[in-house]
Amino acid sequence: MRRELLTRQGDARSAELGQYLFVQALIREVSYNTLSRKDRKTRHLAAARFFEQLDSDELASALAGHYLAAHANAAEGPEQDALAAQARVALKAAAERASRLGAYDQAVQFLQQALSVTMESRDRAELLERASEFAGIASKHSLAVQLARDAIDAHKESGDRLGEARATSALGWVMLNARYDTDALELLKAAVTQFADLDDPLILADMKVNLARAWNQFERVEGESRALALSDEALLVAEHGNHPKLLVKGLLNKGVALGGQGRLREAIALIGAGGDLAREHGLTEQLLASLTVRGYYLGEVDNEEAYRCFLEGLDLARRVGHRALTREFVNNVGYTSFLTGDWERGLAELDATLEEDLETTGRIWLMSNQLIIRASRGDPIDEPLAQLDHLATQVPEPHVLTAPHDTHGNYAQAQGRFADAQRHWLAVAAAWPSQAPASYYQAARPALWSGDLAAVEQNSADLDATGVHGPVVEARRSNLRAAIAALEGRSRDAVALYGDAFAAWGNLKVAWEQALTGVDMATVLDPTEPAVAAAIKTSREILSRLGAKPYLERLEAAAARAGGASRVGTGRKAEALAVETA
């Protein structure tokens, strides 16, 4: 210490507090290279024994490192094999500690180091399964999928069919997290048949609930009914066998299947029950999943409550280091903030996360929502939108492709390209049925602004055909019925219906939709009519606060129409209804 060869770690935030360190890495390297391999092994082993005696969880990584180094410097034979076993135990312990601290990248590294000293297939399979799980949480989805595939191969080598079935079910799960939806569905469908003869109800039930999740991703009538049946089979095993984790997964997937059928209240109730059970049993990952899907379906009922779900989930995911779900919550916060008018918060979260190292699918969703807000402010987004389109060509999954369509729809509407906006939102409705209630409604607005009564009527009918109900959907219905009344020249009916919709959006705290409803009213009704004038005033305040320049310009142009005459049509398509942008 006096000669400044060594220093002491004094940072109270460091796990190495109180330990001695070389002042320079070069000094350490020279010193280490003066030792023979035998001396290195002896000293590493002595250090490992010393750390073991301290019995401190904080020294897990140091202990593992010394055992691994002792093994590397030992001669081949029984001693090296014994050191490999000790290193493996220490590295597994270090990985588990890292995971408890939310350092999942480091946990994966420890397990990969353990694999380097593990020859037995059965032991390798166990390490690979755990490493795949941690890689998925760290949002390293491609790595998680590969590790899960390697685990299946290791189980096959050891002849462990139960392990192979469990690892196959886990592979399906991580593939779904990576949004390889089609491949996951085919894998799990084949696996349920392949392993149907196994005498292990828990593994089979877990595989079925994962298959239910895969069917839910496609949200077709067939998929929803199959997902319900599979979830019920898994729930029976979970309840009778007292398996809380499986029970939560079953409740969530059954809720999602019901939500896909438009049975929102049942869906929200079941998902909420799953979340409560996850809290009760300390199942953090399942609790995070419940907050994600509950917030998603609450978006059709109560956006303010949905926002609270997403913010709670974001805070929890960050605290436990669950990077994959952190990014998902950032995405949900970003879009919900767009609707509720908290654009600065949404952009701050999206911008910061997009600076991180992201896999393609995650970047697509986050970019989409970032660009929607920027387009609505009138920012030029042609270059990043082209990047988004290029990224989308790398991911053929139908759900992922809806993100660029939504972005294009918002950009086209902001620019006054109404036919393009309608086309993109109808593409979303066709590809993702649970998005249909929102997408048909969104497509109706550019149809209204271009005076296309037939298109508005069709979108309204398509919205009704979804069978979805709830405060948000009813506000949409009022809005579309008002639009139809206005285009047919029934101004009094239109004013009353628009008044209902405008008030509903205010009560639901969906500032963006309230502002656009004011633009609708200014466009197709007499702007001097008191109720319309009041709506214009509120919309102007919202759009000014948000900095939504293209929409504010459209509102002002509509409000300033010569003579304040109502611009409605009586035919199938009103002439020159839209307020053109410069």
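The values are calculated or read from the model by the stated rules, or taken from the named source; none is laboratory data. Here the structure is a predicted model, which is why all the values come from computation and not from measurement. Note that each Cβ is placed from the backbone with ideal geometry, even for glycine, and that neighbours are counted across all protein chains shown. For accessibility, only protein heavy atoms count, side chains too; no ligands or nucleic acids. Shrake-Rupley method; radii C 1.70, N 1.55, O 1.52, S 1.80 Å.
Given the structure, is GLY223 in a helix (DSSP H, G or I), of a type outside the set (A, V, I, L, M), over 24 Å from the mean Cα position of the chain (by Cα) and surrounded by fewer than 22 Cβ atoms within 10 Å (Cβ to Cβ)? Spelling it out, it is not the case that GLY223 is in a helix (DSSP H, G or I), of a type outside the set (A, V, I, L, M), over 24 Å from the mean Cα position of the chain (by Cα) and surrounded by fewer than 22 Cβ atoms within 10 Å (Cβ to Cβ). Considering only residues in region 388-402 that are open to solvent by 60 Å² or more (accessible area, probe 1.4 Å) and in a loop (DSSP other than H, G, I, E, B), the one that is farthest from TYR180 (Cα to Cα) turns out to be THR393. Whether a residue is over 26 Å from VAL400 (Cβ atoms) and in a loop (DSSP other than H, G, I, E, B) was assessed, and GLY282 passes this test.
Pull up region 271-298, narrow it to residues that are open to solvent by 40 Å² or more (accessible area, probe 1.4 Å) and not charged (D, E, K, R), then point me to the one that is nearest to the chain's Cα centre (by Cα).
Kept after step one, since they are open to solvent by 40 Å² or more (accessible area, probe 1.4 Å), are these residues of region 271-298: 273, 276, 279-282, 284-285, 294, 296.
Those left that are additionally not charged (D, E, K, R): 273, 281-282, 284, 296.
Values: ALA273: 21, HIS281: 23, GLY282: 21, THR284: 16, TYR296: 10 Å.
Here the answer is TYR296.
Condition first: touching a Pro at 6+ places or on another chain (Cβ under 9 Å) and under 22 Å from THR182 (Cβ atoms). Now tell me which residues in region 342-387 satisfy that. ILE364, SER368 - these are the residues of region 342-387 that are touching a Pro at 6+ places or on another chain (Cβ under 9 Å) and under 22 Å from THR182 (Cβ atoms).
Quick one: which of ALA447, ALA436, ALA455, ALA412 is touching a residue at least 12 places away in the same chain (Cβ under 8 Å) and in contact with a His (Cβ under 8 Å, 6 or more places away or on another chain)?
Details: ALA447 fails: in contact with a His (Cβ under 8 Å, 6 or more places away or on another chain); ALA436 fails: in contact with a His (Cβ under 8 Å, 6 or more places away or on another chain); ALA455 fails: in contact with a His (Cβ under 8 Å, 6 or more places away or on another chain).
Exactly one residue qualifies, and that residue is ALA412.
Of the candidates ALA430, ALA455, ALA375, ALA461, the single residue that is more than 29 Å from ALA558 (Cα to Cα) and either among the β-branched types (Val, Ile, Thr) or assigned to a helix (DSSP H, G or I) (or both) is ALA430.
Looking only at residues in region 349-362 that are at pLDDT 95 or above and aliphatic (A, V, I, L, M), the one that is least open to solvent (accessible area, probe 1.4 Å) is LEU350.
May I ask you to verify whether LEU236 is within 19 Å of ILE203 (Cβ to Cβ) and open to solvent by less than 30 Å² (accessible area, probe 1.4 Å)? Working first, answer last.
Working: within 19 Å of ILE203 (Cβ to Cβ): yes; open to solvent by less than 30 Å² (accessible area, probe 1.4 Å): no.
Here the answer is no, as LEU236 does not meet what is asked.
So which residues in region 232-267 are closer than 13 Å to VAL468 by Cα and part of a helix (DSSP H, G or I)? If the condition is that a residue be closer than 13 Å to VAL468 by Cα and part of a helix (DSSP H, G or I), then LEU258, GLY259, GLY260, LEU264, ARG265, GLU266, ALA267 are the ones that fit. A Cβ distance below 7 Å, combined with a sequence gap of six or more or placement on separate chains, defines the contacts here; from region 246-266, residues that are crowded, with 24+ Cβ neighbours inside 10 Å reach residues that are among the basic types (Lys, Arg) in the pairs ASN253/ARG213. Just one of the listed residues (ARG481, ARG545) is open to solvent by 20 Å² or more (accessible area, probe 1.4 Å), assigned to a helix (DSSP H, G or I) and touching a residue at least 40 places away in the same chain (Cβ under 8 Å), namely ARG545. Can you find a residue that is within 21 Å of the chain's Cα centre (by Cα) and of a type in the set (Phe, Trp, Tyr) anywhere in region 399-411? No, region 399-411 contains no residue that is within 21 Å of the chain's Cα centre (by Cα) and of a type in the set (Phe, Trp, Tyr).
Against the numbered list (1) crowded, with 23+ Cβ neighbours inside 10 Å; (2) more than 27 Å from ILE271 (Cα to Cα), GLY163 comes up short only at (1). Evaluate region 325-337: report whether one residue or more is surrounded by fewer than 22 Cβ atoms within 10 Å (Cβ to Cβ) and either free of Cβ contacts under 8 Å to residues at least 24 places away in the same chain or aliphatic (A, V, I, L, M) (or both). No - not one qualifying residue is present in region 325-337.
Hey, among the residues in region 119-157 that are in a loop (DSSP other than H, G, I, E, B) and charged (D, E, K, R), which one's farthest from the chain's Cα centre (by Cα)?
Of region 119-157, the ones in a loop (DSSP other than H, G, I, E, B) are 119-120, 138-140.
Now drop any that are not charged (D, E, K, R), which leaves 120, 140.
Values: GLU120: 37, LYS140: 14 Å.
The selected residue is GLU120.
Give the number of residues within region 504-535 that are open to solvent by 10 Å² or more (accessible area, probe 1.4 Å) and either under 27 Å from ALA306 (Cα atoms) or part of a helix (DSSP H, G or I) (or both). Within region 504-535, residues that are open to solvent by 10 Å² or more (accessible area, probe 1.4 Å) and either under 27 Å from ALA306 (Cα atoms) or part of a helix (DSSP H, G or I) (or both) number 12. On the basis of being open to solvent by less than 20 Å² (accessible area, probe 1.4 Å), among the hydroxyl-bearing types (Ser, Thr, Tyr) and at pLDDT below 95, does THR407 make the cut? Taking the combined requirement at face value, the residue does not satisfy it.
Can you say whether VAL301 is under 22 Å from ALA438 (Cβ atoms), surrounded by fewer than 22 Cβ atoms within 10 Å (Cβ to Cβ), in contact (Cβ under 8 Å) with a residue 60 or more places away in the chain and β-branched (Val, Ile, Thr), as far as the supplied structure shows?
Details: under 22 Å from ALA438 (Cβ atoms): yes; surrounded by fewer than 22 Cβ atoms within 10 Å (Cβ to Cβ): yes; in contact (Cβ under 8 Å) with a residue 60 or more places away in the chain: yes; β-branched (Val, Ile, Thr): yes.
In short, yes.
Each row is one residue, and each column tells you yes or no for (1) modelled with pLDDT of 95 or more; (2) within 10 Å of THR407 (Cβ to Cβ).
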site: LEU347; (1), (2): yes, no
site: ILE364; (1), (2): yes, yes
site: MET367; (1), (2): yes, yes
site: ARG377; (1), (2): yes, no
site: ASP382; (1), (2): yes, no
site: ALA386; (1), (2): yes, no
site: ASP389; (1), (2): yes, yes
site: VAL395; (1), (2): no, no
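Quick check: anything in region 174-192 charged (D, E, K, R) and open to solvent by less than 10 Å² (accessible area, probe 1.4 Å)? For region 174-192, residues charged (D, E, K, R) and open to solvent by less than 10 Å² (accessible area, probe 1.4 Å): present.
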